[in-house]
Amino acid sequence: MSSEQAAPLLRIEDLHVSVGERDILRGVDLTIEEGETHVLLGPNGGGKSTLLNTIVGIPGYRVTQGRIVFKGVDLAGLEIDERARLGIGIAFQRPPAVRGVRLRQMLEVAARSELTPDTVADLDETLSLGHMLDRDVNMGFSGGEAKRSEMAQLLAQMPDLALFDEPESGVDLDNIAVVGGAMNSLLKGEERISERRRAGLIITHTGHILEFVNADVGHVLYNGRLACKGNPLDLIEEISSHGYDKCVECALCQTFA
Amino acid sequence: MSDVRLSPGAEARLTEIRAAAEAAVDKPAALGPDIDITRFRTVSEADTIASLDSLERQVKETVLLSGFTADETERSASYFQMDRTPIYERVQKAFDDAIEIMSTEEALKLYGEEMLEKYWWRAVDPGKDKYTAIVALHQTEGYFIRIKAGRKVEKPIQACLFVSESDVSQNVHNVIIVEDGAEANVITGCNIHTDVKEGLHAGISEFYVGRGAKLTFTMVHNWAEDFSVRPRTGIVVEEDGVYINNYVLLKPVKSIQAFPVAKLVGDRSTAVFNSIVYGLKDSVIDLGSETQLIGEGTRSEAVARTVSMDRSTVYSRGRLIGRTNTCKAHLDCRGIVQSAESTQWAIPDLASEGAPGAELSHEAAISPIAAEEIYYLMTRGLPKDEAVSMITRGFVSIDIPGLPDVLRKQIDKAIEETSKEAM
């Protein structure tokens, strides 16, 4: 990232989020620069999905303190669709089925009426969409189909910041490779490192997806805070051998009080 | 009928019909709000016209909303009834020997014996209630359509029943006969002049689908807030015959109650009912269908999508009666209530009568559009109102075979408008 860059793509400051009566996030600070891919690790129920849903703007995720600034714009008060049009995209872990709305229509929406037959053909080739295109989105989709459909929508949307909620969960190895390849082309493209613009934030439990996507920074979200930060692969190794509790205490990575 | 000479048997049948109707003049319907029919006078005569182009512009525009077009190039035959007068009946030249279209009064004059023996009040009981009675006793025409055996007519046949006066009742009796091996697609629009407020439309429809024949019947209702509608429909389907009924109601109505009954008498015969219903303003809507699965291997499906708004009350019914071990049928009714002042009922009804092997099933659901579905579309950049409209459109976009483009567009437009209102 060039030093002249005035503001980071995404800056999260002291973010506190409640869902219902529960305080889930308790002071998250996170900065993602253009072109960077970050990984979010952490135990179940630690607030990883809450962070993604809060960035996207899903109602019910109440920001009680702190703020999220994207491209210099404070996201408070912006609707989901406004954030999407500003350049934030998400691939859900378990997207809802929508009866009567076909995947093809979702791609048209995501591409903002700029969906050409060539783009559809490309997406079909990359993600083997085939008959899924004219099926009701997520209706009876298998795990792999749902993930491919989510990736197709993100590739049609081409957001500046792409959020991925467990892109490899419930997916067989072949599909992980396809999904990972699509993530890679979205985040890295064919461009040289210095020209990369799109950024990503990936929630993963297993780290399998990192065999296909090069991530720059890893974070562990623990007890509502980003407890530590480091090389994603090192963090995953540490967690798999010693568990989260030990990981956040270890010296391998930079820890926050 | 008075100027037609009939056999004693046919005369006796007419007397029987009259007696049954007279006994039912005060008999309220089993379903729907009761109407004092004595306050309506019968519709008047109108002048016939030489071509559909000479219809006044406002009438043309109104009927277009129900799929009736004055440009007949995409139609095989047309019937237009203004009030009590069939003002226009024409079969396009290419279909001259395939289709007969005329008013039922004319058909009775031409084919009195055959009509009375096979078709006239054979699928609907004249003594059913006061609405069948008023039609039997004070009939104001209606259409007769016959498709000759083996003729497959692809271009739709269109029929329009139009009411131009207030405080009247239009009491039509329609008959469609699709002879063995024939196929037809009939679009009927029932409309009223924009100036008309109060009134009653009582319509008897008797459809006969022959062996291996197929009838697709699409009806679009376009009424007004003070207009009451009581159709009574009976369908008889012979061996390997197929009947498809599409019904669309997108405008307010004072009350409508209809419950067509399809009798699948022939082996392997099929009946499909699709309906899209919007409950608007103070409309009271009570709609459904009954299929009697009598022949071996008979099949039926009824799909209803209901969106209710404002202060409307909507009943969505469906009844399947299995009378043979090899029959199979399914009901699928789903509703969305978009107003706290609106009421919806989904009433599926299944019966197996002496047929332990009958497979009958239903899915009925009334639920709002799930918030997570709206959010999902919004995450792709769609504003909330457009997301709701897209989901609602998807909800009612059931696959309706034979639905003309103009109707599909009309449905989409109405859905667009109503979903905006709901926001």
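Results, tabulated for the structure shown:
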| item | result |
| --- | --- |
| Subset of the stretch A:102-130 that is within 11 Å of another protein chain (Cβ to nearest Cβ) and outside any helix (DSSP H, G or I) - its residue that is surrounded by the most Cβ atoms within 10 Å (Cβ to Cβ) | A:Ala111 |
| Residues satisfying the stated conditions in the stretch B:375-407, i.e. facing chain A (nearest Cβ under 9 Å) and of a type in the set (A, V, I, L, M) | B:Leu377, B:Met378, B:Leu382, B:Ala387, B:Met390, B:Ile391, B:Val396, B:Ile398 |
| Single residue of B:Thr324, B:Thr379 found to be closer than 30 Å to B:Val178 by Cα, open to solvent by less than 10 Å² (accessible area, probe 1.4 Å) and outside the structural domain of B:Tyr208 (by TED's automatic domain parsing) | B:Thr324 |
| Unique match (being free of Cβ contacts under 8 Å to residues at least 40 places away in the same chain, in the same structural domain as B:Arg146 (by TED's automatic domain parsing), of a type in the set (Val, Ile, Thr) and closer than 26 Å to B:Val248 by Cα) among B:Val59, B:Val43, B:Val91, B:Val63 | B:Val91 |
| Selected residue (criterion: surrounded by the fewest Cβ atoms within 10 Å (Cβ to Cβ)) from residues of the stretch A:195-249 that are in a loop (DSSP other than H, G, I, E, B) and in contact with a Cys (Cβ under 8 Å, 6 or more places away or on another chain) | A:Asn231 |
| When residues of the stretch B:307-343 are limited to those that are of a type in the set (Val, Ile, Thr) and modelled with pLDDT of 95 or more, the one nearest to the chain's Cα centre (by Cα) | B:Val314 |
| Test: residue in the stretch B:202-213 that is among the aliphatic types (A, V, I, L, M), closer than 25 Å to B:Leu116 by Cα, open to solvent by 10 Å² or more (accessible area, probe 1.4 Å) and touching a strand residue (DSSP E or B) at 6+ places or on another chain (Cβ under 8 Å) | no |
| Residue list for the stretch B:250-279, filter: crowded, with 24+ Cβ neighbours inside 10 Å and outside any strand (DSSP E or B) | B:Val253, B:Pro260, B:Ser269 |
| From the options B:Ile99, B:Ile87, B:Ile134, residue that is closer than 30 Å to B:Asp180 by Cβ and either surrounded by fewer than 24 Cβ atoms within 10 Å (Cβ to Cβ) or under 22 Å from the mean Cα position of the chain (by Cα) (or both) | B:Ile99 |
| Filter pass, B:Gly189 being among the small types (Gly, Ala, Ser), closer than 28 Å to B:Glu72 by Cα and assigned to a strand (DSSP E or B) | yes |
| Set A:Gly35, A:Gly89, A:Gly66, A:Gly77: member being at pLDDT below 95, open to solvent by less than 60 Å² (accessible area, probe 1.4 Å) and not acidic (Asp, Glu) | A:Gly35 |
| Complete set of residues in the stretch A:28-51 that are in contact (Cβ under 8 Å) with a residue 24 or more places away in the chain, part of a strand (DSSP E or B) and either more than 18 Å from A:Tyr222 (Cβ to Cβ) or touching a helix residue (DSSP H, G or I) at 6+ places or on another chain (Cβ under 9 Å) (or both) | A:Val28, A:Leu30, A:Ile32, A:Thr37, A:His38, A:Val39, A:Leu40, A:Leu41 |
| Residue within the stretch A:55-66 that is away from chain B (no Cβ under 14 Å) and polar (S, T, N, Q) present | yes |
| Looking only at the stretch B:358-374, and only at residues there that are open to solvent by less than 50 Å² (accessible area, probe 1.4 Å) and within 7 Å of another protein chain (Cβ to nearest Cβ), the one that is farthest from the chain's Cα centre (by Cα) | B:Glu373 |
| For A:Thr54: the one exception among (1) free of Cβ contacts under 8 Å to residues at least 24 places away in the same chain; (2) not in a strand (DSSP E or B) | (1) |
| Complete set of residues in the stretch B:328-357 that are β-branched (Val, Ile, Thr) and buried (at least 20 other Cβ atoms within 10 Å of the Cβ) | B:Ile336 |
| First in the stretch A:77-101 and farther than 11 Å from B:Tyr376 by Cβ and more than 7 Å from every other protein chain (Cβ to nearest Cβ), second anywhere and charged (D, E, K, R) and surrounded by 24 or more Cβ atoms within 10 Å (Cβ to Cβ), Cβ under 7 Å, 6 or more apart | A:Ala91/A:Glu150 |
| Test: residue in the stretch A:170-180 that is in contact (Cβ under 8 Å) with a residue 60 or more places away in the chain, within 17 Å of A:Leu40 (Cβ to Cβ) and crowded, with 16+ Cβ neighbours inside 10 Å | no |
| Residue list for the stretch B:193-240, restricted to those being of a type in the set (S, T, N, Q), farther than 25 Å from B:Ala182 by Cβ and in a strand (DSSP E or B) | B:Asn222, B:Ser228 |
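Matching residues to (1) out of contact with any strand residue (DSSP E or B) (no Cβ under 6 Å at 6 or more places or on another chain); (2) aromatic (Phe, Trp, Tyr); (3) farther than 17 Å from A:Ala162 by Cα:
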site	(1), (2), (3)
A:Pro8	no, no, no
A:Leu30	no, no, no
A:Thr37	no, no, no
A:Thr54	no, no, no
A:Ile58	yes, no, no
A:Val63	no, no, yes
A:Leu78	yes, no, yes
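The values are calculated or read from the model by the stated rules, or taken from the named source; none is laboratory data. A quick note: this is a predicted structure, and the numbers were derived from the prediction, not measured. Cβ atoms come from the backbone with ideal geometry, glycine included; neighbour counts cover every protein chain shown. SASA here: full protein model, heavy atoms, side chains in, ligands and nucleic acids out. Shrake-Rupley method; radii C 1.70, N 1.55, O 1.52, S 1.80 Å.
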